[in-house]
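The values are calculated or read from the model by the stated rules, or taken from the named source; none is laboratory data. What you see is a predicted model; the values in this text were computed from it and never measured. Keep in mind that these areas ignore ligands, DNA and RNA; they rest on the heavy atoms of the full protein, side chains included. Shrake-Rupley method; radii C 1.70, N 1.55, O 1.52, S 1.80 Å.
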Amino acid sequence: MEPAAAIRKLGFKRWFERELIESHAYLVTCFLCLVLVVALFEQLGARTGGFERVLMYAAMLAGGGIGIFSLNRYIAILFRALRLSQRSTCENCGTYARFSVLDSGRANTEEAVRGRDGTWLKLRCSRCGHEWTMG
């Protein structure tokens, strides 16, 4: 779900919490894949048949691929949530995470090239009515 729709539905604090939980689930998956690859690498030294050895290599390759994917997702989700949380305080009255989303969109492709997803949100403070752009 896009950040704007999720923030409208859940509120910023719950959205941020869920993003952190999801990103850390990917980190745990990456760690478990690392353990799998190391355990299989250790077993390669044992006397195993040709077919078992091929299966171990295949499992190591799959575990490594899933681990790299999980690490990339962890970093992407975590940094998107942190980038948006840095701008979640009203510049006028200092209220944290009490705003409504007015509009949203994606920035140009240069943002994506620099590693950011380019998501921006136009917000209005629920307390004082100040509007600002998060992103």
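Can you check what the Kirkwood hydrodynamic radius comes to for the chain, Cα pairs only, in Å to one decimal? All intermediate terms of the calculation are to be shown ahead of the outcome.
Values: mean 1/r = 0.0574 Å⁻¹.
Mean inverse Cα-Cα distance, inverted, gives 17.4 Å.
How would Glu131, Glu19 rank on accessible area, largest to smallest, probe 1.4 Å? Mind dumping the intermediate values first?
Numbers: Glu131 75, Glu19 20 Å².
My answer, sorted largest first, is Glu131, Glu19.
Amide H contacts for Thr119 (H built 1.01 Å from N in the peptide plane; partners 5 or more residues away or on another chain; cut-off under 5 Å): Ala107. Shown in residue order for the range 23-38 are the 3J(HN,Hα) couplings computed by the Karplus curve 6.51 cos²θ - 1.76 cosθ + 1.60 at θ = phi - 60°: 5, 6, 5, 5, 5, 4, 4, 4, 5, 5, 5, 4, 4, 4, 5, 5 Hz (x for Gly and Pro).
Per residue, what accessible area does the chain have, given a 1.4 Å probe and all protein chains present, in Å²?
On the way: 8650 Å² over 135 residues.
Roughly 64 Å² per residue, with all protein chains present.
3J(HN,Hα) couplings calculated from phi for the range 45-60 with the Karplus curve 6.51 cos²θ - 1.76 cosθ + 1.60 (θ = phi - 60°) are, in sequence order, x, 6, 6, 10, x, x, 5, 5, 5, 5, 4, 5, 4, 5, 5, 5 Hz; Gly and Pro show x. When the solvent-accessible area of the chain is split by element, carbon and sulfur atoms take up 60 percent of it, the probe being 1.4 Å.
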